[in-house]
Amino acid sequence: MERLERDLEFYGVSRRDFLKYCASFAVLFGLSELEFTRRLAHAVEKAERKPPVIWLEGQDCAGCTVSFAGLLYPPVGAIILDKLSLRYHETLMASAGELAESVYHETVKEGGYVLVVEGSIPSSDDRFCLVGGRPFREIVLEASKNATCILAVGACASFGGIPKATVSKGMGVKDLVSGKPIINLPTCPVHPDHLVGTILYILTTGKLPELDDFNRPKMYYSQSIHDNCRRRGHFEAGNFLQDWNDPAQKDYCLFEKGCKGPMTYADCPIRRWNSGTNFCIDCGAPCVGCAEPGFYDEMSPIYTAESEASRKILALKKSGLI
Ligand code: SF4
């Protein structure tokens, strides 16, 4: 526990805050708080050779990077991430040019790193998304060869995301790479807790978390948004919001404003965003289905119930299945 104590002091984190943070993960991992803290302390102590990480960015907006960088506060998350050696990250690294590229190539040669991919990979041809003159597709294939596991962060790297609906026909990592453990962490952007929790799971248990059919960790993506939505009663009663400016309708169900909550699986209503402050539906915006493989094409138009997803939801409602 010595090193962990030093880290807590260095980052100015109280023991109480740290234990509270651990407790939230322990429940998810099916461990007691004590056992989780013990394993975490062990992972911190033995992290002399920090597990190396390569983070690649393809067709993306860097939103997942912003989400990840937000973990520097609260600093408890930073303690966990400090146990990793982020060797290559185009947006965050201080070095550039040949020096940065040589670190990338050396790490790939050594092997044994975690590969994080942000952004989708063009599938239509190799004119799109050239990084240093090389097609992104070629770089992902090269970097995945010696990786121990791959984390596809955000909707784009998981399933193609918005670039899938464009001329480059973006695809997710799993559409390109085979023979490697791939964990998809969709939503747009990735939720910082999903990223840190998955890394923590691997560090403390030495194995991958249980995944669903779309390679998403079940601990975060097993319940629908609809099942945990506070507007659900209005959905059942047929009270659908028509006018955002009418105070009487402010808590009504957003289905007719395009909500895809009934067919979207993620823990946003429970975990919420921005350190538990809020999430889309409680701000009055419909769920856009960004955790699902059908995002964006199947979910658009976003603000009306005319999408393919909305038609499916309506059919399920008519048959009494939701
Ligand atoms: Fe909530 Fe959307 Fe379901 Fe309505 S359709 S209850 S707003 S998740």
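Structural remarks
- Taking a ≥ b ≥ c as the square roots of the eigenvalues of the Cα gyration tensor, the chain is oblate, since a/c reaches 1.5 or more and a/b is not larger than b/c.
- Rounded to the nearest 20, the size of the Cβ-charge dipole of the chain about its Cα centre is 580 debye, with Lys and Arg at +1 and Asp and Glu at -1.
- Against the main long axis of the alpha-carbon atoms of the chain, helix 33-46 sits at an angle near 40°.
- Pairwise FRET efficiency - Tyr303 versus Arg127, Cβ, R0 = 22 Å, nearest 0.05: 0.10
- Altogether, the Stokes-Einstein calculation at 25 °C and 0.890 mPa s, with the Kirkwood radius of the stretch 168-217 over Cα pairs as Rh, returns a diffusion coefficient of 203 µm²/s.
- Backbone N within the stretch 92-112 under 15 Å of label point (7 Å from Lys180 Cα along the Cβ vector): 104-112
- Amide H contacts under 5 Å for Met171: Ile121, Ser123, restricted to partners 5 or more places along the chain or on a different chain, H placed in the peptide plane at 1.01 Å from N.
- The label-point distance for Ser85 and Leu34, in a model that sets each label 7 Å from Cα toward Cβ, rounds to 3.6 nm.
- Rounded if a/c under 1.5, otherwise prolate or oblate - the stretch 204-321, Cα gyration tensor axes: prolate
- For the peptides 86-96, 153-163, 295-305, residues were scored by their other Cβ atoms within 10 Å and the scores averaged per peptide; the highest-first order is 153-163, 295-305, 86-96.
- The angle between the Cα long axis of helix 2-11 and the longest principal axis of the Cα atoms of the chain comes to about 60 degrees, rounded to the nearest 10.
- Charge dipole of the stretch 244-322 (Cα centre as origin; +1 on each Lys and Arg Cβ, -1 on each Asp and Glu Cβ, all else neutral): 180 debye, rounded to the nearest 20.
- Formal net charge of residues neighbouring Pro293 (Cβ-Cβ distance under 12 Å; K, R +1; D, E -1): -3
- Summed side-chain charge close to Asn228 - residues other than Asn228 whose Cβ falls under 14 Å, Lys, Arg +1, Asp, Glu -1: +2
Here, each number is a calculation from the coordinates, and none is a lab measurement. As the structure is a prediction and not an experimental result, all values here were calculated from the model. As a convention, Cβ positions derive from the backbone with ideal geometry for all residues, glycine included, and neighbour counts pool all protein chains shown.
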